[in-house]
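Report on one structure; see the data block that follows.
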Amino acid sequence: MTFNPRMLTLAKEYAGLTQAAIAHHAGISQSLMSKIENGFEVPSATTLASVAEICAVPVEFFQQNDQLLGEGLVDLFHKKRLTLPAKPLRQANGIANVIRLEVVRLLRSLDITERAPFPSFPIDQHESPEEIAVLVRATWRIPSGPISNLVEAVENTGTPVLLADLGHERLFAISMPAIGANTHLIIVNSKLPASAQRFALAHEVGHLVMHDGVASENMEKETNDFASALLMPAADITKHLRVVRFRDLGGLKAVWRVSLAALIYRAHSLGQITDRQYRTLNMDLNRLPHGRKREPGEFPAETPTLVRRIIKHYQSDLGYSITEIAKLAVADLAEFESRYLGRPELRSLASKGPSPRMFSLVSQ
């Protein structure tokens with residue numbers, strides 16, 4: 001078997017484990033594990049099976065030679081990233097890359113021809129994020145007013161959206177451009193409230209549309225402005241924000257399916273409230289029982305369906321079993337079912353040392 005040591009590093013990051021924990025589970029020294037990870041030693045079949053077990057990946061995972069995306073391409077550009085410790089960032093990067101590898105493998109055998117285009121409007125070639133948001137809505141033929149289902153609009157382009165616990169509440173979402181693949185991929189933190197999930201998804205769409213994986217100094221403000229304009233077009237919402245009272249924001253949230261914080265931000269960016277009013281409304285928001293983290297008036301989260309429909313196509317039209325589909329994706333069967341079919345974990349490694357899964361991944 002051809003062994004790719006980079007895949008061992010990826011499996012370690014994906015599982016959120018240390019090299020020492022993996023070595024202990026495999027019954028070898030950390031020194032030997034370090035040499036294996038750095039390509040100086042080739043692991044025995046027994047060692048590799050133990051590593052695969054604790055990392056919850058199949059042994060074949062370590063044979064893959066697909067291109068991996070580093071943090072420069074996997075979108076971890078959020079300003080909050082700068083205040084996060086390295087471990088959750090590495091784990092989020094590992095989660096993103098593993099999901100990307102699996103989904104790309106599922107897509108390789110399919111030809112998704114009937115789909116809306118995923119546009120590219122580089123920010124340096126357009127006047128503003130506001131203008132680009134208008135162009136995106138026009139490209140996707142979204143009517144005026146609130147977007148009823150943003151996940152559906154994105155997945156209609158053939159771009160899979162997945163929900164995953166990214167291990168840290170300040171990692172809102174991750175997007176990966178279509179480099180070495182035939183589609184973009186967006187992962188949204190499943191722990192976020194529904195309104196925050198919608199804004200995070202719109203934010204990532206902005207990165208993919210405007211920045212093409214290239215970081216810039218103002219990119220976070222640009223993507224926030226894009227997300228606001230995509231979800232709340234100026235031509236449609238300005239009239240509703242001319243007199244903004246905190247007690248009225250709940251009704252607007254229900255209609256526009258955005259957070260109270262997003263409505264306040266949009267009212268300020270459109271010049272409908274003064275700087276003082278902006279500060280006062282945010283203080284009112286922070287005084288709520290759970291502050292801005294758990295706002296009142298949340299609505300059901302939107303449900304991604306593209307990957308599940310792909311799996312159903314393999315089953316119903318191509319005659320694959322779930323075991324065969326997981327093998328095609330080079331995924332552990334229990335992990336695959338939990339991640340993409342919403343089924344509970346089928347086994348536990350709690351008695352064998354540190355848990356290999358510090359999170360659960362779900363696409364509903």
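PHE226 satisfies every condition listed in (1) crowded, with 20+ Cβ neighbours inside 10 Å; (2) hydrophobic (A, V, I, L, M, F, W, C); (3) more than 22 Å from the chain's Cα centre (by Cα) except (3). Taking first residues from the range 258-278 that are assigned by TED's automatic domain parsing to the domain that holds ARG292 and part of a helix (DSSP H, G or I) and partners that are of a type in the set (Lys, Arg) and modelled with pLDDT of 95 or more, the Cβ contacts under 9 Å between residues at least 6 apart in sequence or on separate chains come to LEU260/LYS253; ALA262/ARG198; ALA262/LYS253; LEU263/LYS253. In the range 279-309, of all residues being part of a loop (DSSP other than H, G, I, E, B) and without any contact (Cβ under 8 Å) to a residue 40 or more places away in the chain, the one that is farthest from ALA164 (Cα to Cα) corresponds to ARG287. In the range 148-162, the residues that are crowded, with 21+ Cβ neighbours inside 10 Å reach residues that are of a type in the set (Asp, Glu) with C-beta atoms within less than 8 angstrom, at least six apart or across chains, in these pairs: LEU150/GLU302; VAL151/GLU302; VAL161/GLU155. Sub-8 Å Cβ pairs linking a first residue in the range 314-332 that is under 20 Å from GLN64 (Cβ atoms) to a second residue that is in a loop (DSSP other than H, G, I, E, B) and of a type in the set (Asp, Glu), at least 6 apart or interchain, are ALA326/ASP332, ordered by first then second residue.
The values are calculated or read from the model by the stated rules, or taken from the named source; none is laboratory data. In this text, all values refer to a predicted model and were calculated from it rather than measured experimentally. Ideal geometry is used to build each Cβ from the backbone, glycine not excepted, and the neighbour counts take in all protein chains shown.
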